[in-house]
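Trainee: Pasting a structure below so you can have a look.
The values are calculated or read from the model by the stated rules, or taken from the named source; none is laboratory data. Keep in mind that what you see is a predicted model, and the values were worked out from it rather than measured. Positions of Cβ are generated from backbone atoms using ideal geometry, with glycine treated the same way; all protein chains shown enter the neighbour counts. SASA here: full protein model, heavy atoms, side chains in, ligands and nucleic acids out. Shrake-Rupley method; radii C 1.70, N 1.55, O 1.52, S 1.80 Å.
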Amino acid sequence: MLLKRVLLLLIVVFIVMLGLLATGSQFYTDWLWFDSLDLQQVFWTMLLWERAVPAAVWLLFALFFFVNLRLAKNAAMQLLWRNPQLAQMVKPVHVNGIFIGASVALGFLFAAGTSLFAFQAAKFFHAVPFGINDPIFGRDVGFYMFELPFYQFILNLGIAFVVPAVLVCAAIYGSSGHIQLRGFEVAGSKHALLHVSILAALFVLLRAVGYYFDVFDLMFASGGAVYGPGYTDVQIRIWVLRILAGIAVLSGLVLLVGGRKRITRFAVVVGVWFLFSILGGGIVPGLVQSWMVEPNEFSREEPYIAYHIDMTRQAFGLDSFQTREFSGSQELNWNLIEDHWATIENIRLWDPRPLLLTYGQLQEMRLYYRFLDADIGRYTINGEYRQVLLAARELDVTRIQNRTWINEHLQYTHGYGAVMSPVNEASRQGLPEFWISDIPPRSRIDLTIDVPQIYFGERTNQYVIVNTRADEFDYPKGDQNAFYRYTGDDGVVINSLLRRAAYALRFGTSRILLSSEISSESRVLYNRNIQQRVRNIAPFLRFDNDPYLVVNDGRLYWIMDAYTTSDRFPYSQPYRGWGNYVRNSVKVVIDAYHGTVDFYQVQQDPLLETYASIFPDLFKDWNDMDPGLQEHIRYPEDLLAIQAQMYGTYHMQNTRVFYNREDVWTFANEVYSNREQPVVPYYVITQLPGKDRQEMILMLPFTPISRANMVAWLAARSDAPHYGEVFVYSFPKDTLTLGPAQIEARIDQDSEISQLLSLWGQRGSQVIRGNLLVLPIADGLLYVEPLYLQSEQSGMPQLQRVIVAHGDDLVMAETLELALWELFEGDIPEDLVDRTDIESDVVREPLRLDVADLPLRAQELYEEASEALRRGDFAGFGDAWYELEQVLMQWTESMQ
């Protein structure tokens, strides 16, 4: 029996030691990681708040509970004397020790969950005012974001302190006979009655404070005409809560000074309290809402609707949107097209989704390389401002054939290089024209990648150890491989047995401790996934889902947008999953080689300034960013999508129009890959109306709800010095401007296009309809949609046609330039002939055959086109299809 107990004890000790070692290794390696990034202040500040708040709660609760138990000690002792069996179990001399143990244990349980509120305490003590007051109480928004949640946290702690104390003490006094109930009177020792009365009064007074805070919580009421307090809340519920607070205070006073009749008197007050809670909390507000508000809802709610509109617009930054008129009716011609040729040559014909498949087929090179995303950017290439698509060639260790520990963590450590192609160029085979490609990277432009190794990216999920005795795989080189040794700044040197043991525990492998490949110069790189990396540093920020790659001075960088969000902005309508306050206040730059992470503040934001006060070494000024990187920041798609969704309703600032929802806008619809979907914001390089230069904007067209015509379009500027400006261009209400869905319908109704799409859809090929882009040119609109063809054999989408529409005209051609020429019937410029090689493809004489031979020749050409399509011979398909068009045209003429 003794042996079993000893073994059990040893097992428990072993488990506890393992837990302590695992916790200790996690703490130690986290500190080493922050230290390697020179962010020790961030680590210690987060640790201080996460530990200090629970520790303070633990200490205060234990002290409060122990003092109350100590005050009831005499009653507890009498209880022991009256119960010999209980006295045998609990010796009187041990009572103080039991009190201390119970207080410490309960304090630990109550403090365990308070670390979640630690950061709220930090924000309270570093709060920065917003300078915006709520329209009901005149309180600064900072009161609702920083102060009120902290006060409510303290209030809940106070209630959590008092309730167990009053219950335990009342049980001790009642069991020992120190307090007795005689009918509606209470009798007992003065000490016991006073003690319990003070605790009960403290609970009731805390509830009174809760009613006071509930008044301010009405700023987030959601049951009225709008989000925030309405007529009934302001005129009735606020006063009900204040009266309830007064009744609660009166109840507390009765408990303190009510004498032996305190129970009776307290019961009377509580009865009034309960009755008023029912009447004032539900019945009276319901009657007022039904009889006074709903019959005249708009007139009653109008001022509160105005408050709601104004505060929502401020919370989402909609108040800074600039509105402009845009007719969209100017008839374009070839001269205007030539005048805006910089816009034309940056029209995005390659959508990232099909392009990514093509990148994968042409440039992944090996099974273990992978392109995760194609990012849109802009560069000055050979003196021209061009929009490009850029993708990082990352390493996916899950696709390595021989997945050993050494291969996954010591040898295959990094991705290699990137590919870049212009958004509007394709080869005669319908493939992207690469400006940067291959391994090692080759460049056809005045932009090079000198440091192609990618140690930090979107797929770098595993830890790696560099500078070991095993050379790292760099890139494939014919039948051989090139090798490499990391010379960057990141990583923790594992030059001691303690560090090796700590990382062995952290990553759950003894190989780090035992491997002879690891030397005193080796470094461990972890938290390499850039999303995980930034979240570990700043978990209080919300990060964009689409970090984008940038080439600057021959190096690769990731830029990520970070947002400050809150659900505590008074009167502001929440957006699902984001709260009711959003700012894109931070741009994060991550070096893909060194792993350095820099947070740059790009706009004034009191919430971010509060964070910066808590972490003074974390955020840098926008002007400290490398000017080369500044040129590549862009307005985030996620933010504009949220703002546009809100603006669709909150552009209506007239309260009656808003109340009736008379002019709600929504995202336009398009057909993408044969499925209808909302248009998502897209980047274009264009010249905004009234502006004198080309710039990159993020654009989104609006349509009225349940209608397809276009009513407005948004343009968010990305280029300095106008970054962050958003324009709303509204179309005249007395004219009809075609929306993307209406253009899509015209495409479907075009017989020539329909025939081609039907033919393409046969024999295992998939037609992919790309994004329909609405593009402002001068004061008119141009609609452009690319068509891709993906054969079953290759799985590689190829750009085959471009559809262009303007006004009542719609054409399809092999290239954008040809489609524009055909649409506007302009003379073919020399440079257009050179770029598209159209002399042999377009300007050729139509074939003339005998009418009797036309059906047979049409059948032959159809079979030739189908066979070419099956082989993936798109050039042969194009020739056969062109001749088939000529045959059909001749047949049509002969039948007239």
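Trainee: Name every residue in segment 734-752 that is under 35 Å from the mean Cα position of the chain (by Cα) and in a loop (DSSP other than H, G, I, E, B), in order of residue number.
Mentor: Thr737, Leu738, Gly739
Trainee: Continuing with this model, one more query. With Tyr486, Tyr385 as the choices, which residue is part of a loop (DSSP other than H, G, I, E, B) and surrounded by 15 or more Cβ atoms within 10 Å (Cβ to Cβ)?
Mentor: Matching residue, one of Tyr486, Tyr385: Tyr486.
Trainee: Here's a follow-up. Can you tell me how many residues within segment 329-351 are surrounded by 21 or more Cβ atoms within 10 Å (Cβ to Cβ) and either more than 25 Å from Val728 (Cβ to Cβ) or of a type outside the set (A, V, I, L, M) (or both)?
Mentor: Residues that pass the stated criteria total 6.
For every residue, the table says whether it meets (1) open to solvent by less than 10 Å² (accessible area, probe 1.4 Å); (2) out of contact with any strand residue (DSSP E or B) (no Cβ under 9 Å at 6 or more places or on another chain).
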position: Ala715; (1), (2): yes, no
position: Ser754; (1), (2): no, yes
position: Val767; (1), (2): no, no
position: Leu789; (1), (2): yes, no
position: Met796; (1), (2): no, no
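Trainee: Looking at segment 134-151, which of its residues are under 28 Å from the mean Cα position of the chain (by Cα) and either surrounded by fewer than 18 Cβ atoms within 10 Å (Cβ to Cβ) or not small (Gly, Ala, Ser) (or both)?
Mentor: As a first pass, look at segment 134-151 and keep what is under 28 Å from the mean Cα position of the chain (by Cα): 134, 140-150.
Across segment 134-151, the qualifying residues are Asp134, Asp140, Val141, Phe143, Tyr144, Met145, Phe146, Glu147, Leu148, Pro149, Phe150.
Trainee: Can you pull out every residue in segment 185-195 that is within 18 Å of Leu253 (Cβ to Cβ), among the aliphatic types (A, V, I, L, M), assigned to a helix (DSSP H, G or I) and open to solvent by less than 30 Å² (accessible area, probe 1.4 Å)?
Mentor: Result: Leu193, single match.
Conditions tested, residue by residue: (1) under 39 Å from the mean Cα position of the chain (by Cα); (2) not aliphatic (A, V, I, L, M).
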position	(1), (2)
Val288	no, no
Ala306	yes, no
Ile309	yes, no
Gln314	yes, yes
Ser320	yes, yes
Phe326	yes, yes
Asn333	no, yes
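Trainee: Turning to a different aspect of this structure: I'm trying to understand the selection: among the residues of segment 471-498, which are more than 25 Å from Arg533 (Cβ to Cβ) and either in contact (Cβ under 8 Å) with a residue 60 or more places away in the chain or under 30 Å from the mean Cα position of the chain (by Cα) (or both)?
Mentor: Asp471, Pro476
Trainee: So, of the residues in segment 323-355 that are hydroxyl-bearing (Ser, Thr, Tyr) and farther than 30 Å from Leu390 by Cβ, which turns out to be modelled with the highest pLDDT?
Mentor: Among residues in segment 323-355 that are hydroxyl-bearing (Ser, Thr, Tyr) and farther than 30 Å from Leu390 by Cβ, the one modelled with the highest pLDDT is Thr323.
Trainee: What helices (runs of 4 or more DSSP H) completely inside segment 570-676 contain at least 3 residues that are surrounded by 20 or more Cβ atoms within 10 Å (Cβ to Cβ)?
Mentor: 606-614, 637-650
Trainee: So, one more: State yes or no: is Met796 touching a Lys or Arg at 6+ places or on another chain (Cβ under 8 Å) and within 23 Å of Arg348 (Cα to Cα)?
Mentor: Details: touching a Lys or Arg at 6+ places or on another chain (Cβ under 8 Å): no; within 23 Å of Arg348 (Cα to Cα): yes.
So Met796 fails the test.
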